[in-house]
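Read the structure below first, then the notes.
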Amino acid sequence: MARNSRHGAPISIMKSLTVKSGLMTVLSRLEGREFTVDDLTETYIKDPLSLHQSKKAARQFVYRNMLRLISAGDMTRVVVDSGWPLYRLTAQFFKRVPPSETPLAITPEIQVESPPKEDPRQPLQERLRRHKLEMLSAMGETEEYDAICAEMPELRDEIQPLYNESRDKCSKLLGRVKALESLLARETGSP
């Protein structure tokens, strides 16, 4: 089950433990380093293979996987007197990682040309795309709550807070989308 793709395919590092490739890529870079849950979450969110955009969802995902790795003996908690707990991957983890997941070391002599500069609008366009997808999801959620209320009016009191939350999220996302579209239109010189 050692598939790896840009869509977060699971990577099996042993029979009973499977880790998504986005998280596996980040973990494989941490050999010999201690890290907090927050450190790992931040690194995971920045990785192109990350499946999560929201920090809360990413943190939950990372923490669940950390607990699984600890129980499998692939990660240990480092004892500290104060502050946030620190964690470290064990040698057992690196023995189980498929070779394709271990990052290659690049020597300075090999890297002669500097990579082409990325379009500065690209991150904004990506952010706009994410917000549009989230907005469509929130709109669908709102419509579904509305449909359920129409079919089962007796559930209206239970559904109303969920509907309101979804509608508010949709409004906030619409504001973000409009702001990004305005900024990108200004960048390209459109009115």
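Data for the structure
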item: Complete set of residues in region 149-191 that are among the basic types (Lys, Arg), within 21 Å of LEU136 (Cα to Cα) and in contact with a helix residue (DSSP H, G or I) (Cβ under 8 Å, 6 or more places away or on another chain); result: ARG167, LYS169, ARG176
item: Subset tally (residues that are touching a residue at least 40 places away in the same chain (Cβ under 8 Å) and surrounded by fewer than 16 Cβ atoms within 10 Å (Cβ to Cβ)) for region 71-85; result: 3
item: Some residue of region 50-70 being touching a strand residue (DSSP E or B) at 6+ places or on another chain (Cβ under 7 Å), free of Cβ contacts under 8 Å to residues at least 40 places away in the same chain, over 30 Å from GLU134 (Cα atoms) and outside the structural domain of GLU126 (by TED's automatic domain parsing); result: yes
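The values are calculated or read from the model by the stated rules, or taken from the named source; none is laboratory data. Bear in mind that the values here come from a model prediction, so they are computed numbers and not experimental data. Positions of Cβ are backbone-derived with ideal geometry, glycine not excepted, and every protein chain shown enters the neighbour counts.
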